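Quick notes on the structure that follows.
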Amino acid sequence: MIDLRSDTVTKPTEEMRKAMYNAEVGDDVYKEDPTVRELEETAAEILGKEAALFVTSGTQGNQIAVLTHCRPGQEILLEEESHIFYYESGAVAALAGVQTRTVPGSRGAMDPKDIFQAIRTEDIHYPETGLICIENTHNRAGGAVVPAANMEAIYSIASANKVPVHLDGARLFNAAAAAGIDVKEFSKSTDTVQICLSKGLGAPVGSIIAGSEKFIHTARKWRKRLGGGMRQAGVIAAPGLIALTKMKDRLGEDQWNAKVLAEAIEEIPGLKLARQPETNIIVADVEGLNITSSQFVDQLKTEGVISGTFGPTFVRFVTHFDVSEDDIQKAIEAIAKAAKQ
Ligand code: TLP
């Protein structure tokens, strides 16, 4: 099977497994795990922040950020198809007790003018704006790169209004690879950042949140409350360290494979691209085949390729470390066959 459902499906490399075996460990709730500390320090440096915290998942990282920045009854601004709004099971309402105010995006980028308009002024009737969330790359926009200049413009409006900015950078290294810039060019326009080690970077588990020392101090407490205080977590931090330091330089390969796949999909009768791919995510529209996305996904599975539904007629394909150039050629043939049936 060629699994193009998500870049979350990557298996740890041999080097990662060896690092897990050899990892020096301690009790991380007492901050005594040297491997976790090394991962957190390395991540903070790469992201240009004072401190960082190793968390269990991207969702946990985003939720800890919202919980740490906000108080119940506040409002958060976020793009209308952002992961925090769309895919986190309503957690911001269930856990942080904040309400969401969504802002439309163009290829995932919110217009700074809309952000300016949406920030609440002081009024007894209004909730306070507690946080602005940006997502980069933007998953539902088809892995689109939110330009650094757009983030800078939003950050400047946010700062002028004393509203913090959180970046859901689950695939931030993909954005940096596609834009040809350092991740700091994005993270500098944020107060806090969440990055996933377990997506394109290939670690088996874990995410990082980074921000000021003060923020991370409180975030650590929220992580504990959520049951995310881990003990000898060095065994999972060790592959994360390899992901962070060695795997980010190969993301261009995934993006190249995505480009090859997207160009081929465009040529298949009945299929069209729903989004222009910029990184490792391709969204195809199967409406022209007069079938639903789930029917297409089922059909394609019988041809040996796993994909995911992304709307009634949208199908998502994600390239990653465990998919070779050769697999992409096989996937193209399978997609063409499935589209014919
Ligand atoms: N995204 C997953 C699914 O949840 C949709 C995927 O397969 O793409 N932020 C963004 C932008 C994400 O895409 C994801 C995962 C997360 C956060 C959450 O990360 P995890 O799965 O580690 O909780």
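Odds and ends about this structure:
- Value of D in µm² per second that Stokes-Einstein yields for the stretch 183-282, Kirkwood Rh from Cα pairs, at 25 °C (0.890 mPa s): 150 µm²/s
- Within the stretch 118-189, the GluC sites (Glu not before Pro) that combine a DSSP coil assignment with at most 14 other C-beta atoms in a 10 angstrom radius are 122.
- Centre-to-centre separation between the Cα atoms of the stretch 181-220 and those of the stretch 1-40: 16 Å.
- Trypsin sites (Lys or Arg not before Pro) within the stretch 108-214: DSSP coil, no more than 14 neighbouring Cβ in 10 Å: 162
- Pairs exceeding 20 Å between alpha-carbon atoms, taken from 113/184; 11/246; 199/221; 113/162; 188/214; 199/248: 113/184; 199/221.
- Choice from 277, 312, 112 with maximal GNM fluctuation in the chain (Cα, 10 Å cutoff): 312
- For the stretch 280-341, applying the loop criterion from DSSP together with a ceiling of 15 other beta carbons within 10 Å to the GluC sites (Glu not before Pro) yields no site.
- Cα shape, the stretch 131-228, gyration tensor, a/c 1.5 rule: oblate
- Cα gyration tensor category, rounded, prolate or oblate, for the chain with a/c compared to 1.5: oblate
Laboratory data are not the source of any read-out in this text; all were calculated from the coordinates shown. It should be emphasised that the depicted structure is a prediction, and the values quoted were computed from it without experimental measurement. In this analysis, Cβ positions are derived from the backbone assuming ideal geometry, glycine residues included, and neighbour counts consider all displayed protein chains.
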